[in-house]
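Undergrad: Right, I'll just put the structure down here and ask away after.
Bear in mind that the values in this text are calculations on the coordinates, not laboratory data. Bear in mind the structure is a predicted one, so any value in this text is a computation, not a measurement.
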Amino acid sequence: MDKTNTFPPDPEQAAQAAAIAYALAHPVRLQILQLLDESEAYVMHLTNMLGRPQANISQHLAVLREAGLVIAEREGMTVLYRLRSARVRELIGLLSDLAQYASAEGTLPRGRGRRGRRHGRRQGRCNCPRCQ
Ligand SMILES: [Zn+2]
C-alpha cells in the first residue's frame, strides 16, 4: 500500500488527493479533525465543543467522510466519528506545525492565526453521552 513513489498520481489518484486537499481547506473541518484526534466523538460533542449548529457540523463531517479522512460508525441511535488512520493524525499534526510557523512569522492576516478566534470552543462544557 506504499504508493508514495508514484506521485504525481494517475488521474484517479489525483482526483482523490484533490478531494482530500479540498476537505482540509476549511478551518472548521480542521478543528473537527483535531477534536477527533483527541478522541472519537458524536456529532453532539463536536457541536458543543465548536459552538456551531449541528446541521453545519454534519455537512463538514460529510465532506471529511467522502474524502476518506473520517469514519462513521453507527452506534445504536447515533453515529460515532473517528479519524480513519494514523496517517490522518500525522497529516493534521503537520498542518498544525506549519500553521504555527506561519503564525509566528506573521504571514497570516491578523486574527486568523493560531491565536486567533477560537470559534467558541468551550472545553469541558460538553453534555454529550461520552462527556457525562
Ligand atoms: Zn462531549
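Undergrad: Could you give the length gained by full extension between residue 99 and residue 131, i.e. 0.36 nm per residue of separation minus their alpha carbon distance, to one decimal place?
TA: 8.6 nm
Undergrad: Give me the base-10 log of I(q)/I(0) for segment 16-104 at each q in 0.14, 0.18, 0.19, 0.26 Å⁻¹, Debye formula, one uniform scatterer per Cα, rounded to two decimals.
TA: Scattering profile of segment 16-104, log10 relative to I(0): -0.46, -0.76, -0.84, -1.46.
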